[in-house]
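Written out below as structure tokens is the structure these notes cover.
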Amino acid sequence: MAVAFFDVDDTILKGSSGVMLAKLMFLGKGETTSPRYVWDMLKALIDSKTGAVDYDNLMEKGLSQFEGRSKAEIDEIAQNCFDKHMRHNIYRMAYKEIVWHKKRGNHVVLLTASLQPLIDVLGDYLGVNKSIATNFHYKDGLMVATADKPFCYEEGKLILAREYVQEYGFDLKDCYFYSDSSSDLPLMEKVGHPMPTNPDPNLRRVAFLRNWRVKKFHTVLPPDFRPEHWK
């Protein structure tokens with residue numbers, strides 16, 4: 001047994017969960033956000049492909065959009081984002097890889113810098129063992145714009161993955177990691193089974209030099225799809 005870690009944006013999802021959330025908040029009925037927030041999410045997506053993203057600054061801006069909301073409100077927004085956008089952009093082959101690991105008794109863990117409520121909904125849908133994401137805090141029942149550190153990004157992903165395997169008695173050398181981003185190289189270089197998936201140019205270059213197998217996901221699940229554990 002081992003752990004199969006999966007990044008989410010452009011790995012399981014066709015696109016960015018943050019951009020999907022910004023789209024919902026900007027255009028969705030009953031939700032409001034500023035054009036600046038949408039621009040920040042789009043810019044972060046572009047910057048992430050070049051490794052130029054200022055993640056601390058991005059998180060501060062992103063979390064500020066939810067400050068003062070109750071957990072029930074945020075959970076409802078996350079569910080709406082999943083129903084309207086995320087669910088319709090899950091790669092078919094990503095789902096098959098997850099099922100493959102589950103049938104072999106491996107733990108499946110989503111490991112992403114996306115917001116925890118979004119990833120909790122996705123993780124429940126996919127039937128994974130755990131979702132590790134950006135977990136923010138509440139005070140007096142209302143969200144405050146602070147989050148647990150290390151952030152689930154770059155070296156932070158490696159730290160959080162190590163904590164998980166140590167808790168369950170696994171070894172990173174036996175584990176898998178699926179990701180599209182060169183920012184995830186700290187963890188990808190430590191697992192025994194690196195799985196560059198829809199890799200960005202830098203990750204594609206590293207994969208070629210190290211003879212890592214590259215996976216390309218294209219099509220998404222059909223609109224009426226139901227996961228195996230729902231049947």
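Data for the structure
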item: Anisotropy class of segment 133-231 from Cα gyration tensor, a/c 1.5 cut; result: oblate
item: Separation in nanometres of the label points that stand 7 Å from Cα toward Cβ, at GLU155 and TYR168; result: 2.6
item: Cα gyration tensor, segment 63-142 - rounded (a/c under 1.5), prolate or oblate; result: prolate
item: Accessible solvent surface per residue of segment 88-170, calculated while the other protein chains remain in place, 1.4 angstrom probe, Å²; result: 45
item: Full-extension gain in nm, LYS96 to SER70, via 0.36 nm per residue minus C-alpha separation; result: 5.8 nm
item: Ranked packing of 9-15, 206-212, 109-115, most packed first, by mean Cβ within 10 Å; result: 109-115, 9-15, 206-212
item: Label-point separation in nm, LEU209 to TRP230, each point 7 Å along Cα→Cβ; result: 4.3
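The values are calculated or read from the model by the stated rules, or taken from the named source; none is laboratory data. Quick caveat, the model's predicted, so the values are computed rather than measured. Note: ideal-geometry Cβ built from the backbone for every residue, glycine included; neighbour counts use all protein chains shown. Keep in mind that these areas ignore ligands, DNA and RNA; they rest on the heavy atoms of the full protein, side chains included. Shrake-Rupley method; radii C 1.70, N 1.55, O 1.52, S 1.80 Å.
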